[in-house]
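Right, one structure below, let's go through it.
What follows draws every value from the coordinates through simple rules; no lab data is involved. Model, not experiment: these values are computed from the prediction. Neighbour counts are summed over all protein chains in view; Cβ atoms, including those assigned to glycine, are modelled from backbone coordinates with ideal geometry.
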Amino acid sequence: MEAWREQLKNQVNTLEKLEEFIHVTPEERAAIQALKGTRWGTTPHYANLMDKEDPACPIRRQVIPSQSELANNFGMEGYLIWKENRSTAERRPDAIARQYRDRIAFAVTQVCGIYCRHCFRRELTIAKDLKLRLDIDEGLAWIREHPEIRDVLITGGDPFLLGDDDIAYVIDQLRAIPHIEMIRFGTRLPVVLPQRFTPALLDRLRGYHRVPIWINTQCNHPKELTEETARVVYDLLTCGINVGNQAVLLKGINDNVAVFRALHQKLLNIRVRPYYLFYCEPAPGTDHFRTPLHKGAELIRDALRGHTTGLAQPLYVVATNIGKIPITLDDRLIMREGKKYVLTNYEGRTTELDAID
Ligand code: SF4
């Protein structure tokens, strides 16, 4: 059996299996019991990164259920329906989510390599309350009929959990549509199941094409970046596929300056371009991961801008039903004084440029 299928077969999704990796605390044990009936679990690869003794370990907190998920003060019931505009007048197959005129998200599966407790799709992936019919051919037919769509984001769940033939089928079908200019994949597998990127799959992905493939992964803490992940990123780049990162701002995991800077520097070190930092979205059961809105902008200011390589800076956004809204604290950086612009750098030093009217 291929190593990645072995990882999935041995998914760590019971208390007994989890105890092979860490000393489970009474709180973790109680939460697993209390959240019975919801999906949880991780690949052995990711579980191996857990700190055996520390329940605050950033890997543990992202995948082990917590009783805090039951205290839902700010989470929005029916969040995914709202976020993906599923109750608006336009009729679309369940597989298609739309916030923009020229691009859509195309969900092809609802299973994942790990079940992130902060997931904004958790009503679908974890709670299983939301039932969607993710029919690939129905989605493809809708895309063919909509010439305004030029960019398709293939998502899930995790789209790379489909078999090689299915992945190649979706790519080939999309490439055959004249109005499609680019294909993107959103996947956590380079981080949580790097074994998935086998030579056979890479052969299906590689090459120069009219319609390129872009991949964005999700890494939220430097501890998640292993040698195996670095290798996968390199392999994907040699196939002609750029790899970006979409981190989620998570309280107690990456909301401090040192971790945040280390994460973004390490991403560049393994050739991943930081793309977005997402504000943690108000899906039900995620209160304990959420920070004040300005926190992400502060972190970019205090950890990255001017403090390290410019390529390390993601765009901080709130994802909403009307698209992504960028959040910055930069209004004060450019001031107009008479015929001059006064520009302030990350240390508070100023310089001037002539103003143009
Ligand atoms: S892998 Fe993605 S879709 Fe799956 S649980 Fe994590 S964030 Fe959600």
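Points worth noting:
- Cβ-based charge dipole, region 3-326, positive-most Cα from LEU162, ASN321, GLY75: ASN321
- Magnitude of the charge dipole for region 68-162, about its Cα centre and with charges confined to Cβ atoms of Lys, Arg (+1) and Asp, Glu (-1), is about 120 debye.
- Residue ranges 61-70, 265-274 sort as 61-70, 265-274 when ordered by packing (mean number of other C-beta atoms within 10 Å per residue, highest first).
- One chain, two ends: ALA89 and LYS36. Fully extended at 0.36 nm per residue, the span grows by 15.5 nm beyond their Cα-Cα distance.
- Whole-Hz couplings from phi, Karplus 6.51/-1.76/1.60, listed for region 273-285; x for Gly and Pro: 8, x, 10, 10, 10, 9, 5, 5, 7, x, 6, x, x
- P(r) of region 3-326 over all Cα-Cα pairs, binned every 20 Å from zero, in whole percent: 32, 62, 6
- With K and R counted +1 and D and E -1, the other residues having a Cβ less than 9 Å from that of ARG117 yield a net charge of +1.
- Ordering of 200-213, 114-127 by packing [mean C-beta count within 10 Å, highest first]: 114-127, 200-213
- Contact order, relative form, for region 122-269: 19 percent (alpha carbon pairs under 8 Å, 6 or more residues apart, mean separation divided by residue count).
- Site pair ASP151 and THR309 shows an inter-label distance of 2.4 nm when each label is modelled 7 Å from Cα along Cα→Cβ.
- Inter-label distance for ASP172 and HIS209, nm, one decimal - labels placed 7 Å from Cα along Cα-to-Cβ: 1.1 nm
- Region 1-74: chymotrypsin sites (Phe, Trp or Tyr not before Pro) in DSSP loop, at most 15 other beta carbons within 10 Å: PHE74
- Relative to the current alpha-carbon distance between ASN10 and THR320, full extension at 0.36 nm per residue lengthens the span by 108.0 nm.
- For VAL192, neighbours were defined as the other residues whose beta-carbon sits under 11 Å from its Cβ, and their charges (Lys and Arg +1, Asp and Glu -1) total -1.
- Under 12 Å, Cβ to Cβ, from ALA319 - net charge with Lys/Arg +1 and Asp/Glu -1: +1
- Two-site FRET efficiency, ALA200 against THR226, from Cβ-Cβ distance with R₀ of 30 Å, rounded to 0.05: 0.85
- The charge dipole of the chain, taken about its Cα centre with unit charges on the Cβ atoms of Lys, Arg (+1), Asp and Glu (-1) only, comes to about 360 debye.
- Of all lysines in the structure, those lying under 29 Å Cα to Cα from LYS295, and not within fewer than 8 positions of it along the same chain, are LYS83, LYS223, LYS251, LYS266, LYS324.
- For region 207-217, Karplus couplings with θ = phi - 60° (6.51, -1.76, 1.60), whole Hz, Gly/Pro x: x, 8, 9, 4, 10, x, 10, 10, 10, 10, 10
- Taking a span of 15 Å or more along the helix axis (Cα atoms) and a mean Kyte-Doolittle hydropathy of at least -0.5 as the rule, the DSSP H helices of the chain that qualify are 164-175, 227-238, 257-269.
- Secondary structure note: in region 3-326, about 25% of the DSSP beta bridges are antiparallel.
- Per-residue 3J(HN,Hα) values for region 345-357, derived from phi via the Karplus relation 6.51 cos²θ - 1.76 cosθ + 1.60 with θ = phi - 60°, read 8, 5, 9, x, 6, 10, 9, 10, 10, 5, 7, 10, 9 Hz in sequence order (x marks Gly and Pro).
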